[in-house]
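Below is one structure; the comments refer to it alone.
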Amino acid sequence: MQWTLDFLPLPPCPELGSQPFSGLLWALLVLFLWYCYRVGSDPPVTGRTHPGKLKSGSVRSSRMSRSSSCSSSADGIVAGSGINKTAIGESGAPCIAMEMGEEEEEEDTDAGRRRGYLTPVLSHTLFPVQASPASKKLYSALQEYAKRYSWAGMGRIHKGLRDQTRLGDRSSIQKPHLFFLPDVPSIPFFPRDAHRHDIEVLEANYPIILAEFQSVYQRGIDTKLGWTCQGPKGQAVFPLYNAGVCVAGNCRSCPCTYRTLLSLRTFISSNSLGAAGFWLLWPGSSLGGGYGPTNTRLRCHLGLQTPPQCELVVGGEPQCWSEGHCLLVDDSFLHTVSHNGVAEEGPRVIFSVDLWHPNVAAAERQALDYIFSPEQ
């Protein structure tokens, strides 16, 4: 038995072809287009808000949730600004709120639903009022950098600056006295692979660097000749870079060494965390336990003259220098240096260069250059 379309209760439709079935196809096409329109025009699901389509209610609710985490402040909320200048944080300590624009507030509503380091950056995270003036100055520099460029990638730096007041509570084995970047893997001595290119460049230029040092050393150690005495008696430094500033006269005395520094990929030459130069330690001298300023750098020691009785202890691990070879040291760990040799052996001489820690990202390096700029 043959079935035809005449048995189907189809509504009347215009003749679009030889069969009325073509009208059904057109009806399905219209339904499909209507479905696509509805899917595209539906509001986004909560938690997946598209940028630029935040509703005022969501922004208002996020502000209310922030204000509920802090009790009433001494100065109150500035009228019309929407920024709480002083509040009490969750820990009970007085805090200072971040200053953010309207666009950043809208972005914060979306980013606040995510966990991670970007959350404290894009939200009104509170900065401790009891922080030292130096920490507040660094924090202001970070805010200025973010206004010029972006908050992207600044989560760890922001968290590190907020935690500056708790640096004294850290364990005694690693305690940088200026800035600690959280979640940076650290060990007292790093393998060569961490900065293979720069180490190979320094070791390849060892004869030239040694010759230029001997030329400078034979002229005598005098502050008028570019030498500086740092720390206790028995130590002298001939800096080529000091706190991110090129010492022009000393660099002219060691032109090949200066060009070698410029050829390094990770040399810290643009902020006050970086330095480079010749370090001397006389026999019978020792440097007591100390900490470097930050864990964002590694100090590379190229041995130039290393008597056998010299020792470097970092984080409880002893090491000795070797002439013509490099040691990568994280000096944010507790470290001591000693030269127990006799006077006839002469001083221990190393060429020290500060390199970026390999776990510090390019965006973080740029921000730290700005925050710790010698001009700040």
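The values are calculated or read from the model by the stated rules, or taken from the named source; none is laboratory data. Note that the coordinates shown come from a computational prediction; the quantities given were computed from them, not determined experimentally. Glycine gets a Cβ as well: all are built from the backbone with ideal geometry, and neighbour counts include every protein chain shown. These accessible areas exclude ligands, DNA and RNA; they are computed on the full protein's heavy atoms, side chains included. Shrake-Rupley method; radii C 1.70, N 1.55, O 1.52, S 1.80 Å.
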**OP:** Roll a 1.4 Å probe over the protein heavy atoms and report the accessible area of THR306 in Å², nearest 10.
**Re:** 30 Å²
Original post:
Assuming R0 = 25 Å, what is the FRET efficiency of GLU200 and GLN309, from their Cβ-Cβ distance, to the nearest 0.05?
Top reply: 0.30
Original post:
How high is the relative contact order of region 263-376, in percent, with contacts defined as C-alpha pairs under 8 Å that are six or more residues apart?
Top reply: 41 percent
Subject >> FRET E, pair GLN214, ARG252, Förster distance 22 Å, beta-carbon r, rounded to 0.05 >> reply: 0.85
**OP:** Compute the signed sum of charges (Lys and Arg +1, Asp and Glu -1) over the other residues within less than 15 Å, Cβ to Cβ, of ARG192.
**Re:** -2
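Using a 1.4 angstrom probe on heavy atoms only, work out the carbon and sulfur share of the accessible area of region 235-376 in %. Each step should come with its number before you reach the end.
Details: 2520 of 5100 Å².
Using a 1.4 Å probe with all protein chains present, region 235-376 comes out at 49 percent carbon and sulfur.
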**OP:** Please give the per residue accessible area of region 227-376, computed with a probe of 1.4 Å over protein heavy atoms only, in Å².
**Re:** 38 Å²
**OP:** Note down the accessible area of HIS195, probe 1.4 Å, to the nearest 10 Å².
**Re:** 10 Å²
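Determine the shape class of region 182-275: with a ≥ b ≥ c the square roots of the Cα gyration tensor eigenvalues, call it rounded for a/c under 1.5, and otherwise prolate if a/b is greater than b/c, oblate otherwise. Please report the intermediate quantities before stating the final value.
Working: a/c = 1.82, a/b = 1.41, b/c = 1.29.
Prolate.
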